[in-house]
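As structure tokens, the structure follows; a few thoughts come after it.
Bear in mind these aren't lab numbers, they're just calculated from the coordinates by the rules spelled out. On a predicted model such as this, the values are computed, not experimentally measured, just so you know. Note that each Cβ is placed from the backbone with ideal geometry, even for glycine, and that neighbours are counted across all protein chains shown.
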Amino acid sequence: MSRSILVPLDGSDTAEQALPHAAMLARLLDAGIILARVPETIVVPVMSAGIWITDEVEPPEAHAQAEDYLAEVARRAVLAGLTTQTVVPSHPVAAGILHAVEMTSPDLVVMTTHGRSGFRRWVLGSVADKVVHTSPAPVYLVRAAEPEDAAATPAPIQRIMVPLDGSTAGEQALPTAIDLARRTGARVVLVRVPVVPGFATVIPETAGWIPQLLQQKAVEATAYLESVAEALDTQGIGVDIDVEIVTAGGVAEGLVASSREWGADVVVMSTHGRTGLRRWVLGSVADGVLRQADRPVWLVRGGAEAG
């Protein structure tokens, strides 16, 4: 079965910054491109239970306009040589994109963290946030830049950073990183940020233990990363390790700092699935990395954990 990459668009230059990244990944992964756009809506007054309220409706011509726009994008040079198809799901925007994911079952969703949708904006915390948290497919987030700063072509992938926390769920990002490394010849940087037990930071009597506990955790993190690196090395993957000690901020800040220090071209990391309501939720660390990272983040769905 052939691979496919879904690219949600809204007609803005900002959202279209995802296109070069999607095209690069499609060529690397031998995948086709699926372009999606939810038609623009208008707000109209309607009578409900004897009172006037407003509702969003999709004008008949909006669907045709969305189809014409996607057809024009499919003909652009950036997608030359790639197999493309288009899909126009119904509003609201986030639900429409998720419905497109359900309909097309892509291997990856590539989108920017900002965009335009009528009077609303795609911001992490709104449309993109809902897609990231709810999509059953992995999501590749591109940090939107000002149009004058946006690169026409993304830099070649030479370093892939993989944050690990010692859990099986965290390691589920490794197969994606390994596959990408093989296709690009990139090195993989394994990163872990040691943290001390919570009690040491809240009980005054244990505050003096923190440096010793942090040193112990750093030694454990190094041994763990070395064991993972050895396994990757046997598969012919070039590997570096980084135990990032954080003196200010939290784990997410440490991971973002490491990505900059190593010049990572993409961060590939796992989210954690929780049981109960059976909804994917981002852990605070992945959420923090998404909000602070200045480079693409590829989120791989981690295995479910009780919580």
Quick one: ASP10, ASP233, fewest Cβ neighbours within 10 Å first, how do they rank?
ASP233, ASP10
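Mind giving me the FRET efficiency for SER167 and LEU28? R0 is 30 Å, r the Cβ-Cβ distance, nearest 0.05 is fine.
Working from the Cβ atoms, E equals 0.60.
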Residue separation between ARG260 and ALA64 times 0.36 nm, minus their alpha-carbon distance, gives in nm 66.2 nm
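Can you sort VAL285, VAL267 by how many other beta carbons sit within 10 Å, fewest first?
Working: VAL285 21, VAL267 28.
In increasing order of surrounding Cβ atoms, one gets VAL285, VAL267.
With viscosity set to 1.567 mPa s at 4 °C, what whole-number translational diffusion coefficient in µm²/s follows for region 5-44 from Stokes-Einstein and a Kirkwood radius over Cα pairs? Spell out each step's value before the answer.
Details: Rh = 11.2 Å.
Rounded to a whole number, D works out at 115 µm²/s.
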Neighbour counts of other C-beta atoms within 10 Å: give me MET161, MET103 arranged from fewest to most.
MET103, MET161
Two pseudo-spin positions, 7 Å from Cα along C-beta at ASP13 and at SER105, lie apart in nanometres by 3.9
